[in-house]
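Notes to accompany the following structure.
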Amino acid sequence: MALPWYRVHTVVLNDPGRLISVHLMHTALVAGWAGSMALYELAVFDPSDPVLNPMWRQGMFVMPFMTRLGITDSWGGWSITGESVSNPGLWSFEGVALSHIVLSGMCFLAAIWHWVYWDLELFRDPRTGEPALDLPKIFGIHLLLSGLLCFGFGAFHVTGLFGPGIWVSDAYGITGKVQPVAPAWGADGFNPFNPGGIAAHHIAAGIFGIFAGIFHLTVRPPQRLYRALRMGNIETVLSSSISAVFWAAFVTSGTMWYGAAATPIELFGPTRYQWDSGYFQQEIER
């Protein structure tokens, strides 16, 4: 009996090499789009008046996310802040965009290699000699690596210990600039408009992810739990991953609507909530 069209994931069932390949190809497509879109936006962007004609007013989509992470200079000699720069280096709009395109090409070639050379001894079950996916172990590896990345971003990049910091602004988008941010470990760290919460939450979530990853790498799930959660089914992994992406998208859409420290209005523009409530008009009339 033929499989229905939506059971396409059986192509990589117990095929670790090609499972890695499709993930690498997905990363190549995402990184290539990001780099290409950034170069297009740079080609049409007008940096002459960052106050009255900011990037959000020009319809930029990728550049606000880049600037939020501390990228403000261009190889063209201009800066988001309106200043002139002479040697921005690799940490610039063009440098980061081209780095993504180079990464895309490398991931593309790696995806082809893993698709062709899929039958590696590394991916064989030592008990049976057959290709097999150890999904609980893969889950632990993903948790450990994502935890390290999350911790590194919060502890080094955001705090300025090894990085530029992030874009920090005031409630009216007047004093925005890239600066290091100290973690806020108190109750004020849960304020969505407090940038210190970004550093603290990334550090805390990273540490939690590291310990969770080590736990899942060293402790095997009991048979009943393994069967109850269908841990051996790759489509269970896919569906739970989509649920995690949905949750992240849900939280992001909420902060985009109401505003947060992660979406400064100089870069992303006023929120819909600010427009509907007459936020700026009330301040003008006051």
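The values are calculated or read from the model by the stated rules, or taken from the named source; none is laboratory data. Just so it is clear, the structure is predicted and the values come from calculations on it, not from any experiment. Quick reminder, even Gly has a Cβ in these numbers, built from the backbone with ideal geometry, and neighbours come from all protein chains shown. Calculation scope for accessible area: heavy atoms of the full protein, side chains included, ligands and nucleic acids excluded. Shrake-Rupley method; radii C 1.70, N 1.55, O 1.52, S 1.80 Å.
Key figures for this structure:
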quantity: Tail weight of P(r) past 35 Å, computed on alpha-carbon pairs of the chain, percent; calculated: 32
quantity: Signed unit charges on C-beta, dipole axis of segment 198-286, positive-most listed residue Thr252, Asn233, His201; calculated: Asn233
quantity: Rounded tilt (10° steps) of 16-44 against the dominant C-alpha axis of the chain; calculated: 20
quantity: Listed residues Val168, Leu103, Ala132: farthest to the positive end of the dipole of the chain (Cβ charges); calculated: Ala132
quantity: Heavy-atom SASA rank of Ser21, Ser240, Ser277 (probe 1.4 Å, accessible area, largest first); calculated: Ser240, Ser277, Ser21
quantity: Ranking by accessible area, most exposed first, for Trp56, Trp167, Trp257, Trp247 with a 1.4 Å probe; calculated: Trp247, Trp257, Trp56, Trp167
quantity: With eigenvalues of the C-alpha gyration tensor scaled by 5 and rooted, segment 77-121, Å; calculated: 39, 7, 6
quantity: By accessible area with a 1.4 Å probe, ligands and nucleic acids excluded, highest first: order of Leu52, Leu144, Leu225; calculated: Leu52, Leu225, Leu144
quantity: Probe 1.4 Å - accessible area at Thr175, Å² to nearest ten; calculated: 90
quantity: Crossing angle, helix 234-258 versus the chain [Cα axis fit, 0-90 degrees, rounded to tens]; calculated: 10
quantity: Label-zone membership for segment 249-267, site Asn191, 7 angstrom Cα→C-beta point, backbone N under 19 Å; calculated: 255-256, 258-266
quantity: Student exercise, segment 99-222 dipole from Lys, Arg, Asp, Glu Cβ charges, in Debye to nearest 20; calculated: 120
quantity: Interchain or long-range residues, amide H under 5 Å from Ile166's placed H; calculated: Gln179, Val181
quantity: Computed accessible area, Cys150, all protein chains, 1.4 angstrom probe, square angstrom; calculated: 30
quantity: Cβ-placed point charges (K, R +1; D, E -1), dipole of the chain about Cα centre in debye, nearest 20; calculated: 1080
